[in-house]
Amino acid sequence: MLFMNMKTNKLLIGLFLLGSLLSTQSCLNKQDDTDYGILYPNAVVTLKPDADGLILQLDDETALFPVNLQNSSYTKELRAFINFKDAKPEEKVSRTLRNVHVNWVDTIRTKGMAANLMDENVAVYGNDPFEIVADWTTVCEDDYLTLRIRTYFSGWGEPHVMNLVKNDGPYDVTLYHDAKGDTNIHGRLSDGHIAFRLDALPDTRGDIVDLKVNWTSFSGPKSAIFKYRS
């Protein structure tokens with residue numbers, strides 16, 4: 001149950017270094033018209049394979065039909081980073097469905113919510129500190145909570161594990177972190193991504209509600225409010 005999406009983490013670090021190098025080169029070569037934007041993710045989506053083909057849910061309102069991925073091997077619903085562009089104008093379908101060409105896909109660790117064990121939650125799920133990074137990849141949409149997490153991570157030992165648990169309130173949850181002993185504050189801070197299905201929460205019946213997410217940060221207990229609609 002890996003929480004640190006190391007493929008994504010290494011990809012983003014590598015792309016950052018490559019981007020820095022290419023930026024320097026572009027100053028020396030004004031004729032370079034390569035589209036380096038293709039190297040970076042420009043959306044986080046839900047991969048939704050079904051009998052009619054693969055659909056990418058972009059947000060609560062918009063779905064993408066990847067014209068070049070209909071023979072893909074994806075067989076289960078996952079959150080993912082993609083880099084895409086719109087297909088030809090004449091291939092667009094409607095306001096809420098867009099035909100697109102996907103350049104690449106990088107899946108995010110996706111899991112369901114864990115059972116509330118009451119007084120045993122900390123003992124079972126851990127209480128090691130971490131931070132939730134507020135950027136465009138931290139988002140609550142399409143029945144998923146997708147988070148960018150930052151903590152100390154050495155890369156050795158057992159994988160870190162995250163679990164999302166529903167509290168007594170209908171839209172109140174706690175995110176627990178078990179670092180498996182990898183808590184050396186003299187190590188390096190690393191970022192990773194994880195997504196949770198929110199199907200264990202009550203149906204909002206089309207309303208937008210406040211979802212309160214609680215966790216233990218390096219400075220003590222923290223919480224954040226996300227807008228959620230099932």
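The values are calculated or read from the model by the stated rules, or taken from the named source; none is laboratory data. A quick note: this is a predicted structure, and the numbers were derived from the prediction, not measured. Cβ placement follows ideal geometry from the backbone for every residue including glycine, while neighbour counts extend to all protein chains displayed. Heads up: the accessible areas ignore ligands, DNA and RNA and are worked out on the full protein's heavy atoms, side chains in. Shrake-Rupley method; radii C 1.70, N 1.55, O 1.52, S 1.80 Å.
A compact table of results
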read-out	value
Condition met for residue 103 (assigned to a strand (DSSP E or B), in contact (Cβ under 8 Å) with a residue 60 or more places away in the chain and open to solvent by less than 70 Å² (accessible area, probe 1.4 Å))	yes
Residue under evaluation residue 142, criteria (1) within 22 Å of residue 124 (Cα to Cα); (2) in contact with a Ser or Thr (Cβ under 7 Å, 6 or more places away or on another chain), criterion not met	(1)
Output for the range 167-186, where each listed residue is under 21 Å from residue 113 (Cβ atoms) and open to solvent by 10 Å² or more (accessible area, probe 1.4 Å)	167, 168, 169, 170, 171, 172, 174, 176, 178, 180
Hey, residue 93 modelled with pLDDT under 95, assigned to a strand (DSSP E or B) and closer than 29 Å to residue 204 by Cβ or not	no
Only one of 125, 74 that is open to solvent by 40 Å² or more (accessible area, probe 1.4 Å) and aromatic (Phe, Trp, Tyr)	74
Test: residue in the range 8-24 that is under 19 Å from residue 138 (Cα atoms), of a type outside the set (S, T, N, Q), open to solvent by less than 70 Å² (accessible area, probe 1.4 Å) and at pLDDT below 50	yes
Unique match (being in contact with an Asp or Glu (Cβ under 6 Å, 6 or more places away or on another chain) and among the charged types (D, E, K, R)) among 60, 168	60
Check on residue 116, open to solvent by 40 Å² or more (accessible area, probe 1.4 Å) and either under 26 Å from residue 191 (Cβ atoms) or at pLDDT 95 or above (or both)	yes
Count of the range 137-161 residues which are modelled with pLDDT under 95, among the hydroxyl-bearing types (Ser, Thr, Tyr) and assigned to a loop (DSSP other than H, G, I, E, B)	1
Residue within the range 165-184 that is among the small types (Gly, Ala, Ser), assigned to a strand (DSSP E or B) and touching a residue at least 24 places away in the same chain (Cβ under 8 Å) present	no
Extreme residue, most open to solvent (accessible area, probe 1.4 Å), among residues of the range 187-230 that are among the small types (Gly, Ala, Ser) and within 28 Å of residue 41 (Cα to Cα)	223
Residues (within 18 Å of the chain's Cα centre (by Cα) and without any contact (Cβ under 8 Å) to a residue 24 or more places away in the chain) located in the range 185-207	none
Residues of the range 53-69 satisfying the condition of being closer than 25 Å to residue 196 by Cα and out of contact with any Pro (no Cβ under 9 Å at 6 or more places or on another chain)	57, 58, 59, 60, 61, 62, 63, 64, 65, 66, 69
Matching residues, the range 106-136, being within 17 Å of residue 172 (Cα to Cα) and assigned to a strand (DSSP E or B)	114, 132
